[in-house]
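The values are calculated or read from the model by the stated rules, or taken from the named source; none is laboratory data. None of the values given here were measured: they were computed from a predicted structure. Cβ placement follows ideal geometry from the backbone for every residue including glycine, while neighbour counts extend to all protein chains displayed.
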Amino acid sequence: MNISMGIVIGDFAVVTDILVSVGSSVKNGDELLYVEMQKGVMPILAGCDGVVAELRCSVGDKVKQGDLLLRIDDAEVQENKVLNSALPVEDKSTDLLIIGGGPGGYVAAIYAAKKGLHVTLVEKDRLGGACLNYGCIPTKTLVKSSSVYQAIKGSAVFGVECSAATVDIAKVIQRKNTVISQLVGGVEGLMGANRITVLSGKATFSSETTVDVVCKNQLIRVSAKDIIIATGAVPARLNIPGADLPCVIDSTDALNMENLPSSIVIIGGGVIGIEFAFLYANFGIQVTVVEYLDRVIPTLDKEISSEIEKIAKKRGIKIFTSSKVLEIQQDINKQAIISFEHNGEISYAVSDITLMAVGRAPYTDGLALDIVQVAFNDNGRGVKINRQMQTNVPHIYAIGDVTNGIQLAHVASHQGIVAVENILGNERHMDYEAIPSVIFTEPEIASVGKTPEDCAKSNISYTAGKFDFYANGKALTMNEKEGFVKLIQDSHSRKILGGSIIGPDASSLIACLALAVQNGLRDTDIAATVFPHPTTGEALHEAALSFSCGAIHGHDNR
């Protein structure tokens, strides 16, 4: 990626010497220039291999923290420039250019086209982005296959004997690919139906209003009034010894495994790691999870996190929290040996495969954002935006995972709509107070709004209402009686501030709670609503009743 060199050494400094010029080749760690401050002279070092593309300072200049001193094009950008210079150029213009065809980009494109804008969308891979091709959709097809296998194995409880079930992983992967192809085809059809120009290639900014796109053997230079960056994120990896060994895979690799391992160690107990843990456990694989923090899925209500950890262990999943992975090695049988620190001691886990599931990192490689001086977040991760989705360059917007915000497909889609509305001159702000999220474990987990921990941090007086699924008739008929519904209510206004569900149908039920939080409904509004019987939705009604008279069909869990 391109490097913007800034200094973080105090209020100001003076450039005393410059060791490079435009066109100089540099290596990571090379000294580029010197600056003098109160405590002495300090070198500024290169952060990557590349070529100096621009100098923004001279000897004697006073510079302050955050000033751009010089720009380095990394090897990829330099290679692109050399290749691009030899290609025939075609100029195009458009009202709105969108870089990235995932759930943020393609939804924004369709919405903008329906609003009358001429839209051009650039995608370097397949339409649908990571969500459709490497994330949400493929993982859920595998989750369903593993759930069906587990249901067949446990069918005797329903009076159905079927003991000879086996897993054909090749057919599981084939079905996953079929689902993806069908959905990608659907998105492609929507592009055509809405007269959206789709360019298949990689985009690089050449100015604030133009983007170069290499499409096969041609360079298309697109000029646009407004631009939306929607390039998403890629699987992150820990910088530890052995992270690049063949026995280490990421979530994308996991979706295409041709053979099921007999054992797997998952590094990371967040959403991705725990979803895969249940998926593999359902397939009969021995699963071990190593999590750095003191609990799994730490973004959840602590009670929900504790419940899913308890259920996971009951299913045979080994979980080590407060554990720091130190190294990964591979033995002569090509098995992975993971060493980690746990309770002050070094422990080891051996498995066929190690899955690195430590989150996703915003993807901006090759965009050359420093050319247009688009700012990053203070921690350097992700493009910085305001609530209108604007970057610091007013006509350039960013949405979705590239902003390093809430990494959910439906958030990216809604951000895309908000961005388009602002481009059209209709001032809109993104509201993050009622964002539902779902984790496809077994049972499912879903949440929206504030948790008790959030309320405590904000000094909000709250009351919790709860109802267990073991007292719900529909859950018992499904033999899925683990879990509960938990509502969080403002003690003064009685408005529902948030809620969490762990149990059957959580992914569907959470929409009701999102509606309640978004519209400021009170417990009495939910209690006064008639819920059909027998359904799992009745658990929401009972949880709301727990704030007043108490649940009808269960113990008082107030």
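Tabulated values for the structure
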read-out: Hits in segment 254-306 (condition: closer than 19 Å to residue 328 by Cα, without any contact (Cβ under 8 Å) to a residue 40 or more places away in the chain and not hydrophobic (A, V, I, L, M, F, W, C)); value: 291, 292
read-out: Single residue of segment 156-185 satisfying the filter (loosely packed, with under 12 Cβ neighbours inside 10 Å and charged (D, E, K, R)) that is farthest from the chain's Cα centre (by Cα); value: 161
read-out: Evaluation of residue 231 against (1) assigned to a strand (DSSP E or B); (2) buried (at least 21 other Cβ atoms within 10 Å of the Cβ) (one fails), failing number; value: (1)
read-out: Flag if residue 459 is assigned by TED's automatic domain parsing to the domain that holds residue 363 and not β-branched (Val, Ile, Thr); value: no
read-out: Residues satisfying the stated conditions in segment 332-352, i.e. under 21 Å from residue 280 (Cβ atoms), out of contact with any Asp or Glu (no Cβ under 7 Å at 6 or more places or on another chain) and outside any strand (DSSP E or B); value: 333, 334, 352
read-out: Test: residue in segment 378-394 that is modelled with pLDDT of 95 or more, of a type in the set (Ser, Thr, Tyr) and under 16 Å from the mean Cα position of the chain (by Cα); value: no
read-out: Residue match in segment 513-532 (condition: touching a Pro at 6+ places or on another chain (Cβ under 7 Å) and among the aliphatic types (A, V, I, L, M)); value: yes
read-out: Residue check, residue 536 farther than 12 Å from residue 465 by Cβ, touching a Pro at 6+ places or on another chain (Cβ under 9 Å) and part of a loop (DSSP other than H, G, I, E, B); value: yes
read-out: Residue list for segment 190-210, filter: within 27 Å of residue 138 (Cα to Cα) and surrounded by 11 or more Cβ atoms within 10 Å (Cβ to Cβ); value: 190, 191, 194, 196, 197, 198, 199, 200, 201, 202, 203
read-out: Test for residue 507: is it within 27 Å of residue 314 (Cα to Cα), of a type in the set (Ser, Thr, Tyr), buried (at least 22 other Cβ atoms within 10 Å of the Cβ) and out of contact with any Gly (no Cβ under 7 Å at 6 or more places or on another chain); value: no
read-out: Tally of residues being charged (D, E, K, R) and over 24 Å from residue 400 (Cβ atoms) across segment 200-257; value: 3
read-out: Test: residue in segment 34-41 that is closer than 19 Å to residue 370 by Cβ and surrounded by 15 or more Cβ atoms within 10 Å (Cβ to Cβ); value: no
read-out: Qualifying residue in segment 511-520 (condition: crowded, with 22+ Cβ neighbours inside 10 Å, within 30 Å of residue 225 (Cβ to Cβ) and not aromatic (Phe, Trp, Tyr)); value: no
read-out: Filtered residues of segment 234-253 (kept if in contact with a helix residue (DSSP H, G or I) (Cβ under 7 Å, 6 or more places away or on another chain) and either without any contact (Cβ under 8 Å) to a residue 40 or more places away in the chain or surrounded by 20 or more Cβ atoms within 10 Å (Cβ to Cβ) (or both)); value: 235, 251
read-out: Segment 115-126: number of residues that are modelled with pLDDT of 95 or more and in a loop (DSSP other than H, G, I, E, B); value: 4
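Residues are listed down the side, and each one gets a yes or a no for (1) touching a residue at least 24 places away in the same chain (Cβ under 8 Å); (2) touching a Gly at 6+ places or on another chain (Cβ under 7 Å); (3) under 20 Å from residue 283 (Cβ atoms):
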| site | (1), (2), (3) |
| --- | --- |
| 104 | yes, yes, no |
| 109 | yes, no, no |
| 136 | yes, no, yes |
| 142 | yes, no, yes |
| 156 | no, no, yes |
| 178 | no, no, yes |
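Matching residues to (1) at pLDDT 95 or above; (2) among the β-branched types (Val, Ile, Thr); (3) in contact with a helix residue (DSSP H, G or I) (Cβ under 7 Å, 6 or more places away or on another chain):
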{"residue": "156", "(1), (2), (3)": "no, no, no"}
{"residue": "160", "(1), (2), (3)": "no, yes, no"}
{"residue": "165", "(1), (2), (3)": "no, no, yes"}
{"residue": "170", "(1), (2), (3)": "no, no, no"}
{"residue": "186", "(1), (2), (3)": "yes, no, no"}
{"residue": "193", "(1), (2), (3)": "yes, no, no"}
{"residue": "196", "(1), (2), (3)": "yes, yes, yes"}
{"residue": "201", "(1), (2), (3)": "no, no, no"}
{"residue": "204", "(1), (2), (3)": "no, yes, yes"}
